[in-house]
Structure formats: C-alpha cells, structure tokens
Amino acid sequence: MTEVINEQVEKEKHIRGFGAMILSRTLDKKIITAQRQGRVGFYTPTMGQEAAQIGLSMALSKDDLLYEYYRDVPMMLHRGVPLEIILNQVFGNRDDLAKGRQMPSHLVARDYNFMSVPSPVATNLPLAVGTAFAKVYRHEPGIVVASFGDGSSSTPDFHSAMNMAAVFNLPVLFFCENNGLAISLPVEKQTKTEIWKKAEAYGMAGFKADGNNMVEMYKVAQQAVDHVRSGKGPALLEARCFRMGPHSTSDDPTKYESDIVQDGSDRDPIVVTQNALKAMGLINDQLVDKVKSESVRIVNEKFDQQEKIPAPDPETMFQDIYKNETWIIKEEKGEIL
Amino acid sequence: MNMVQAINSTLDMKMAADDSIILLGEDIGKDGGVFRVTDGLQSKYGQQRVIDTPLTELGIVGMAIGMAVYGLKPVPEIQFQDFIYTAMDQIINQMAKMRYRTAGKITVPLVLRTPYGGGIRGGLYHSQSGESYFVHTAGLTVVTPSNPYDAKGLLSASLDLGDPVIFLEPKKLYRFQKMDVPDEDYKVQIGKARKVREGDSITIITYGSMVPTVAAVVEKNKVDADVIDLITLSPLDIDAISASVKKTGRVMIVHEAPRTLGMGAEISAMISERMIEYLYAPILRVTGPDTPFPYRLEDTYLPNEKRIMDAVDKLLKFR
C-alpha cells in the first residue's frame, strides 16, 4: 500500500515539476518580450536552466533554506513563490517586497525560505555556511542550499565557503548551475577542472548531474541532498545545463557564442524532459498543450495586472538603512523630497 | 582594568546571558587572540561559541553574516584591520545592504571587532586606520572607544543595537591605562560624543588613540580647549560638535588616519555648511599624512605635541 502511495506521490511530483518548468519558460519569454517593448527595464533570462533547478527543488523539503542567485526563478516558482511576487520585483513597483530597490531578477522571498540575492556573484556562499551553522546550533532540521553559476567557481568566496563548510562539517549543498558561460567566457576558460571534482580537494562529496533532464537531475539531486541531510557534511552538486538566452537583456550573445540552444530544439531541457516523462507514461500531448496554454493565460493576466501598480513612494528610498533612522538620512530626505 | 580586560569581561558577561552570541576569528580560541582579547572564553564557552576559523577574512565575515541573518548574534574578529580588505565585498555588499535590499525582512545584528591604528611598531600592515572606508558606507555603524570604561559600555550597546557595527579598537590603547569599570552591564550610547574636557577658546575634535594624546598636550600646555571624543564615527554627533564650535569659533580635528577624505574632511565640511558664520579661523586638521604607515618612522607619522600645538597657535593667533 505504502509503495503504491509513494509511486503516486512521485508521479505527481514529476508532473508538478514539469508544470513549473513550463510556467517558468512562459514567464521568461513574456518578460524578455516586454523588455524589448520597453515595459521592463532589465532581466536575466533563466531559459535552459529550468530542469536543473526544478530537479533539485523536487528533492528539497520545506525546512531547507536557499541562498539563490539571480537566475533562480524556476526554483522559486516550483517552491511556490507566487507570480505576483516575482512580477512586482521585476517591475520594481510599490508592492514589491523590497520596495523596488534592486534591479529585476534579484528577488526577496524570505517567507518561502529564499534568503535574497545581491549582484556580486558567490558572495552568498559564505553566508550559507554561517546559516547552516546557526541551524545546527539551534538543532533545527533542514539543509542550506547555495546556488551559483560556473563563473563563481573562480571566486575567493567559493573557495572560502567550500573550505569552511567542510572544516566545520556543515549541512550545505553547493549547487553549481553550470550553463557553460559566464557572460561571454566559456567554462573551459574559467577553470581547468570539472567543477564537481573540486569537491574532493575540499574534503566533501561531489556530484555531477545532467541538468537538461529533470528526471535525471532529480535522481542525482536526491542523492546529494540525502548525503547532506544525513549529517555527512557538505556536498557540491554540479548540474550541466545551457544558457539559452543572453546573460541579460543588455547582452548580445551572438558576439561570442555560435551554438546557442534554440527554444524547442532537441537540446532544450523542456523538450528533453517532456520526452522523458512521455516515455515514463506520465504525460501526454494533451496535458502538455493544456499546461502551456494555461501558463500563457495566467502569465499574461498577472503581467498586465502587476504592471499597473505604480512606483514606490519616493520616501521609501530613505527607509530600512538602519533600525533607527539617523539624523543624516532624515536631513538628506528633507533636502531631496 | 585595561581596555583588553574590559572588552574580554564584557564579552564574557554578554555571552553568559545570551547563548546566541558566538565569537569567531583567527586564533581567538585556544590562543585567546593575538592581543589576548578573547583569552579564556573558549575554555569557558566551548568551541561552538568561540570558533577558531580557517585563515579567511571574507569567510569569517561572510559566515558571521549568515549567522546573524538567522537569529544568532556573532562577534567576528579580524585580527588586524589591515587584513580586512578581502572581506570588504562582504561588508559593503552583504552586511551593510541586507536590511535595505530585503526591506527589513532580513537584518544583520553583529559586532565586527578589529584592532586598528599605529603605536605598536606594526609598519604598513599592522597599523592602518581605515575608518573612512566603513563610514562611507550606508548601513554600517562605526564606533571606537578610547578608554576601558567606554569600551565596555560601547560594546554592550553595540551588541544590543540590532544592526551591523564596526567596532574599531585602538590597539595602542589596549593596555595604555587602567580604570575602574563597573561589574554590571551599562551602555555608552551610540551616536553620542563625550566631552573629554571643557574649554572656551578652541574646539578639538578627536577619537580613538588620539584622545589621550590630545588631552595630555592641552593639559601640559594649558590650552583652554573644549576636547570632544567622538566615540561614534557614524553617525556623527552633530549636536555635540555644533554646541562646541558655536562656543569657541575655532576648530581643529585630530586623527591618525591619512588626511585626504578622512573624518576631518567630513567634519569640516559639516561645520562649513552649517555654522561658518561662527568661525573666527579656518578649520585645521592634524592627521596622519597621505603616506603608507612607516615602521621605523612611526613617531614621525603620528600626530604629536608639536604638530598639535602648532595648529593650536595658528588657530588662536588667526585674525
């Protein structure tokens, strides 16, 4: 009986994961188009990284905390962050949880256990180590995930965080979304070794996964998560995936990359995952069409709705700098407003 | 007790009362820190609360931020302020901006302790006064005590502030003087300067290691000076500065840090903007020069009696 239930749970998990992939792709395309129309200022597309992120997210539990980076919208959608929250941030409008302060793609969703993201890459990794320490110190369940791109593997923050997490044996899962490009630099010029292999040098477990196939990704991610959760120390999980779009909407990838994976092509993780799920008998064309059309409808509806929300009050610029407003900020606010 | 003992006993007192306080840094546990500020605390509170970290300043600070955002109250130590620069990305882009970028949903209550300044023959890399780097960053509170009593009250206030505090310890004063320090918890209010002595002819604004130097020079030379110890470098106590400047009309600022864009620059700009009509003379700065900090010539570098008195004379004689 339990086996039957588990099987059913797993099936639903896969279908839900795939649904989040479609929703994420739909949102991505919508925002990119809107940016070209001048309706959105900037965006870092996540196309091509949906299977990697959602495959991992499927292996995580509610108690797990995430130090995300700026391309992690698919994971956020999968963990239940509402479209409204994401779109409010993209518009930087009055209802944005961070009052429109950061450029698009830098979300805050603390209520969903996302710890917020700055632009300087890999600076979130040492924080993940400290938070994992706090969790262990307080005997709280759950692991801490820190995600980053292949470029981050060159930073001192990566080195420090990997080293400290291993020395202190903390429950951190370092999640490298290797999309092969750090803006224009190919990963071969970023580092001489495979990223997952660096784990061994730090004294932690390393895992490599096919980040283009949600089903395969989930299997490997589950092993990595189980390892960290069991108290055996941190792990490094590298997912191989593609960046199907530019680094950001301000970037022209044709200048440096001749082999960009096209939307709907054989290497597109949505196509790869769709084929895998079909082979498993979990989805059919009818369901895919339904999920796609429903995603388009809901994204368009929410986009138009959130776009109408006005900009934040200018006064908000001067809030949340200190717990108590200083006389200097008060004075400067008086001069400017 | 001296300043080292005052800081040590304050950490001890606060840690006994609050198990969310965690110390972390290089050589702070078994060794008690290179200045012995944390001596004995690891044997008392264990390796989980007084953590000897690997040698990585950015790692220490980043890890401390990660603790602070999740309910702990870490006190990272950077062995010498001169070594902090690899952690500046963490300090400026994570620590200082967390409250702002999350609209107050995530905050960073921590106290980053670090010895700074000259006076121990530390040369280029064990003598720097980098306070301006921190004061220039919105979101940081920057304080520096000049005696054991203030060290205790200021550290206690910093631990209770709820925001990141850069706690700069003038290493020259670590064992410079002994004072009676109350056993009980008390606070030296952040954002408030202290009047070191009263006078009517001239205002001398200073802080950190220069406080006893200035006090001794004006005492010895019988200068009728109002001497202000800023204690908090950010946010500055403009009320204390204003009251004194309006009384004397003659101002000088004394600090060890290099002159260009040092605290003196900001303070003199503030005075010029708000009360230039009260001034009888130009605002003068007696500071470290815009050179790196030299080893053998430390005494030449640091502001001394002659330089302070030359500035006093110039201010008093100005017509």
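The values are calculated or read from the model by the stated rules, or taken from the named source; none is laboratory data. All values reported here derive from a predicted model rather than from experimental measurement. For neighbour counting, all protein chains shown are included, and Cβ atoms are generated from backbone atoms with ideal geometry for every residue, glycine included. Keep in mind that these areas ignore ligands, DNA and RNA; they rest on the heavy atoms of the full protein, side chains included. Shrake-Rupley method; radii C 1.70, N 1.55, O 1.52, S 1.80 Å.
Accessible surface of B:TYR301, taken over heavy atoms with a 1.4 Å probe and every protein chain present, rounds to 10 Å². Of all stretches in chain B that contain no GluC sites (Glu not before Pro) in a DSSP loop with at most 13 other Cβ atoms within 10 Å, the longest one is B:1-183.
Amide H contacts for A:HIS106 (H built 1.01 Å from N in the peptide plane; partners 5 or more residues away or on another chain; cut-off under 5 Å): none found. Expressed in Å, the radius of gyration and Dmax of the Cα atoms of the stretch B:3-173 are 14.6, 44. If the segment from B:TYR125 to B:TYR280 were pulled out straight at 0.36 nm per residue, it would be longer than the present Cα-Cα gap by 51.8 nm.
Of the residues A:VAL271, A:VAL9, ranked by 1.4 Å probe accessible area with the largest first, the sequence reads A:VAL9, A:VAL271. In this structure the amide hydrogen of B:GLY25, modeled in the peptide plane, comes within under 5 Å of the amide hydrogens of B:ILE51, B:THR53, B:GLU77, none closer than 5 places in sequence on its chain.
With θ taken as phi - 60° and the Karplus curve 6.51 cos²θ - 1.76 cosθ + 1.60 applied, the whole-hertz 3J(HN,Hα) list for the stretch A:98-108 is 10, 6, x, 7, 9, 5, x, 5, 10, 8, 10 Hz, x standing for glycine and proline.
What the phi angles of the stretch A:69-78 give under the Karplus curve with 6.51, -1.76 and 1.60, with θ = phi - 60°, is a coupling list of 10, 6, 10, 9, 4, x, 5, 5, 4, 5 Hz, glycine and proline written as x.
Roughly how many Å is it from the Cα centre of the stretch A:97-164 to that of the stretch A:253-302, as a whole number? Value for the Cα centre distance between the two parts: 29 Å. If R0 is taken as 35 Å, the Cβ-Cβ distance between A:GLN223 and B:SER20 corresponds to a FRET efficiency of 0.55. Among the listed pairs A:LYS278/A:LYS302; A:LYS302/A:LYS333; B:LYS195/B:LYS222; B:LYS152/B:LYS192; A:LYS13/A:LYS292, those whose Cα-Cα separation exceeds 25 Å are A:LYS278/A:LYS302; A:LYS302/A:LYS333. Temperature 25 °C, viscosity 0.890 mPa s: under these conditions the Stokes-Einstein estimate for the stretch A:2-336, based on its Kirkwood radius over C-alpha pairs, is 118 µm² per second. Could you give log10 I(q)/I(0) at q = 0.12, 0.23 Å⁻¹ for the stretch A:220-337, computed by the Debye formula over C-alpha point scatterers of equal weight, without solvent? The calculated log intensity ratios at q = 0.12, 0.23 Å⁻¹ are -0.93, -1.22.
Per the Debye calculation on the stretch B:190-230 with a single equal scatterer at every Cα and no solvent contribution, log₁₀ I(q)/I(0) for q = 0.14, 0.16, 0.21, 0.26 Å⁻¹ amounts to -0.26, -0.34, -0.57, -0.83. Couplings 3J(HN,Hα) for the stretch B:32-49, derived from phi with the Karplus relation 6.51 cos²θ - 1.76 cosθ + 1.60 (θ = phi - 60°), are x, x, 5, 9, 6, 5, 9, 3, x, 6, 5, 5, 7, 10, x, 6, 7, 10 Hz, where x marks Gly and Pro. Charged neighbours of A:ASN178, selected by a Cβ distance under 13 Å, balance to 0 (K, R count +1; D, E count -1). Close amide-amide hydrogen proximity is noted between B:ARG197 and B:VAL227, each under 5 Å apart and 5 or more residues distant or on a separate chain (H modeled in the peptide plane; Pro and chain starts excluded).
Considered as an equivalent ellipsoid built on the Cα gyration tensor, the stretch B:1-93 has semi-axes of 21, 16, 12 Å, the largest given first. Projection of the Cα convex hull of the stretch A:49-126, averaged over all directions and equal to a quarter of that hull's surface, yields 5.0 nm². List the lysines whose Cα sits under 28 Å from the Cα of A:LYS197, skipping any in the same chain fewer than 8 residues away. The qualifying lysines are A:LYS135, A:LYS189, A:LYS208, A:LYS219, A:LYS232. Ignoring the sites themselves, chain A has its longest run without trypsin sites (Lys or Arg not before Pro) in a DSSP loop having at most 11 other Cβ atoms within 10 Å at A:63-191.
Neighbours of A:VAL228, meaning other residues whose beta-carbon lies under 15 angstrom from its beta-carbon, give a summed charge of -2 when Lys and Arg score +1 and Asp and Glu score -1. Distance between the 7 Å Cα→Cβ label points at A:THR316 and B:ASP185: 3.6 nm. Given q = 0.10, 0.14, 0.18 Å⁻¹, what are the Debye log10 I(q)/I(0) values for the stretch B:194-317, with equal point scatterers placed on the Cα positions and solvent ignored? The calculated log intensity ratios at q = 0.10, 0.14, 0.18 Å⁻¹ are -0.27, -0.53, -0.90.
When the GluC sites (Glu not before Pro) in the stretch A:228-313 are filtered for DSSP coil states and for at most 10 other beta-carbon atoms within 10 Å of their beta-carbon, no site remains. Considering only Cα atoms, the convex hull volume of chain B works out to 124 Å³ per residue. Solvent-accessible surface of chain A, taken per residue with a 1.4 Å probe and all protein chains present: 42 Å².
When restricted to Cα atoms, the stretch B:99-204 yields an Rg and a Dmax of 15.7, 49 Å, respectively. Partner shielding of B:43-56 amounts to 2, given as the average count of beta-carbon atoms from other chains within 10 Å of each residue beta-carbon. Among A:ASP150, B:ASP310, B:ASP200, the order of accessible area from largest down is B:ASP200, B:ASP310, A:ASP150, computed with a 1.4 Å probe on protein heavy atoms. Projection of the Cα convex hull of the protein assembly as shown, averaged over all directions and equal to a quarter of that hull's surface, yields 32.3 nm². Annotation for the stretch B:240-296: chymotrypsin sites (Phe, Trp or Tyr not before Pro) lying in DSSP loop with at most 16 further Cβ atoms inside 10 Å of their Cβ are B:TYR280, B:TYR295. Beta bridges from DSSP with both residues in the protein assembly as shown: antiparallel share about 15 percent, rounded to the nearest 5.
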